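What follows is calculated from the coordinates using simple rules that are stated; it is not laboratory data. All of these numbers come straight from a predicted model, not from anything done at the bench. As a convention, Cβ positions derive from the backbone with ideal geometry for all residues, glycine included, and neighbour counts pool all protein chains shown.
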Amino acid sequence: MSFVTHLYQYDELPSTNDEAKRLAESGASEGTAILAARQSAGRGRRGREWVSPEGNLYLSLVLRPPRSIQEAASLGFLAQLALSDWLGVLLPAPHLVHHKWPNDLLLNGKKISGLLLESSGNEKIDWLVLGLGFNLRHHPKAALYPATDLFAESGLLIEPEAAANDFITLFKTLYEGWQEKGFTPYSSPWLERASGLGKAIRVNYEKESIEGIFLGIDGKGYLQLELPDGSVQKIGAADIFPVREEKHDAAGH
Ligand code: BTN
C-alpha cells in the first residue's frame with residue numbers, strides 16, 4: 001500500500017473513523033490507514049448505524065490535502081470512482097455498477113458500499129478522514145436502501161486486506177490527479193455511472209421530501225435537482241431514491 005505511511009490494524013474497534021479522527025487530531029500524517037476486522041459501533045452517514053461483522057471491509061484513511069474545505073466533499077466522489085473501477089473489472093457486464101449520490105456504490109441496483117467523510121479545518125482542510133465500508137461477505141437484510149455483498153452477487157470471496165490494497169492503489173492515482181487539476185476532470189466519469197441521472201428522484205431530508213429530475217452535480221458535489229416549476233435546487237446532504245413511474249390502465253387509473 002504505497003500511499004500508506006502508517007497502517008494500524010485491529011481485530012475490533014468501535015469505529016475506524018473514530019480512531020482515524022483521534023489520530024488525525026494528534027497529528028497523524030497523510031496516509032495513515034486504520035483497518036478493523038469488525039466494528040462494534042460502526043457509523044454511517046447522518047448518524048446511522050453501520051453494522052460491521054467480520055468479513056467486510058472497514059477502512060479509514062487520514063488525508064491532509066492542501067485544499068479548501070469546500071473541496072473536501074469531492075474526495076467522496078473520487079473514492080467512488082476508484083471503487084467502481086475496481087468492481088467494474090472484477091465483475092464485468094452483465095453486472096451493473098453505479099454511483100449513488102452522494103457516496104454509495106450500487107451493484108446490480110443494490111447498495112454494496114458506503115463512505116463517510118469527516119473533516120476539520122476552517123478555510124483550508126486541516127485533516128480529512130475517508131471512511132469506507134464495503135460489503136464483501138455480508139449485507140444487512142433490512143436497510144433503508146436494498147443492500148447486497150460481493151459474495152452474494154458473484155460468489156467471489158475477497159479478503160478485506162486485498163480489497164483495501166486495491167482500493168488504495170486506485171484511489172492514490174485519482175487523488176494525485178485531483179490535487180493537480182481539481183474535481184473537473186472527474187465529474188463526467190462520475191456522472192457516466194450515476195444512478196438515476198436524468199430521471200425523476202425523491203430527495204429525502206430529515207423531515208420532508210421533494211421530487212424532481214436529477215440533472216447532475218456541480219463542482220462541489222451538490223446535486224442539481226430540477227423542480228416541477230423548472231427551477232433548479234442545489235442539494236447538499238440528503239438521501240435519494242428513484243421515483244417509480246406508476247402504471248396506469250387505459251382509463252387512466
Ligand atoms: C453510509 O453509507 O452511511 C456510510 C457508511 C460508512 C461506513 C464506514 S466503515 C469504516 C468507517 N468507520 C465507520 O464507523 N464508518 C465508516
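May I ask which of K172/K199; K100/K124; K124/K181 have a Cα-Cα span longer than 25 Å here?
Working: K172/K199 32 Å; K100/K124 27 Å; K124/K181 17 Å.
In this structure, K172/K199; K100/K124 lie more than 25 Å apart at Cα.
Distance between the modelled labels on F241 and N108, one decimal in nanometres: 2.3 nm (7 Å Cα→Cβ projection).
Counting only aspartates and glutamates at least 8 places from K110 when in the same chain, those with an alpha carbon closer than 14 Å to its own are D149, E153.
Using 0.36 nm times the number of residues separating S154 and H138, minus their current alpha carbon distance, what extension gain do you get?
Numbers: separation 16, 0.36 × 16 = 5.76 nm, distance 1.26 nm.
Here the answer is 4.5 nm.
Picking from G27, G216, G182, which is most flexible by a Gaussian network model of the chain using Cα springs under 10 Å? Residue with maximal mean-square fluctuation among G27, G216, G182: G27. Given their separation in residues at 0.36 nm each and the Cα-Cα distance between them, I210 and S26 gain 62.1 nm when the chain is fully extended. Relative to the longest principal axis of the Cα atoms of the chain, the long axis of helix 160-181 makes an angle of roughly 80 degrees. Across the options L144, L227, S195, the greatest Cα extent toward the positive end of the charge dipole of the chain (unit charges at beta carbon of Lys, Arg, Asp, Glu) belongs to L227.
Using the Cα centre of segment 15-103 as the reference point, and only Cβ charges (+1 on K/R, -1 on D/E), how large is the resulting charge dipole? Debye, rounded to the nearest 20.
Numbers: 10 positive and 8 negative charges, 54 e Å.
Result for segment 15-103 is approximately 260 debye, rounded to the nearest 20.
Across segment 107-121, computed HN-Hα scalar couplings (Karplus, 6.51 cos²θ - 1.76 cosθ + 1.60, θ = phi - 60°) run 10, 6, x, 10, 6, 10, 7, x, 10, 10, 9, 10, 9, 9, x Hz from first to last residue, x flagging Gly and Pro.
For segment 58-153, take the convex hull of the Cα atoms, compute a quarter of its surface area, and give me that in nm², please. Walk me through the numbers on the way to the answer.
On the way: hull surface 25.3 nm².
Its Cα hull, projected and averaged over all orientations, spans 6.3 nm².
Counting only Cβ charges, +1 for Lys and Arg and -1 for Asp and Glu, the dipole size of the chain around its Cα centre is about 180 debye. Short-range pairs are left out: with C-alpha atoms under 8 Å and at least six residues apart, the relative contact order of the chain is 16 percent. Remark: spin-label model distance L90-R38 equals 2.2 nm, labels positioned 7 Å along the Cα→Cβ axis.
The stretch between N122 and F3 holds 40.3 nm of extra length on full extension. This uses 0.36 nm per residue minus the Cα-Cα distance. When the chain is treated as a GNM with alpha-carbon contacts under 10 Å, the residue of Y175, Y222, Y205 showing the greatest mean-square fluctuation is Y205.
For the chain, what is the mean residue ellipticity at 222 nm derived from helices alone (per DSSP H run of n ≥ 4: -39500 (n - 2.57); sum divided by total residues; nearest 500 deg cm²/dmol)?
Details: 5 runs with 63 residues, N = 253.
Computed mean residue ellipticity for the chain: -8000 deg cm²/dmol.
Most mobile of L90, L197, L117 per a Gaussian network model of the chain (Cα springs, under 10 Å)? Top of the fluctuation ranking is L90.
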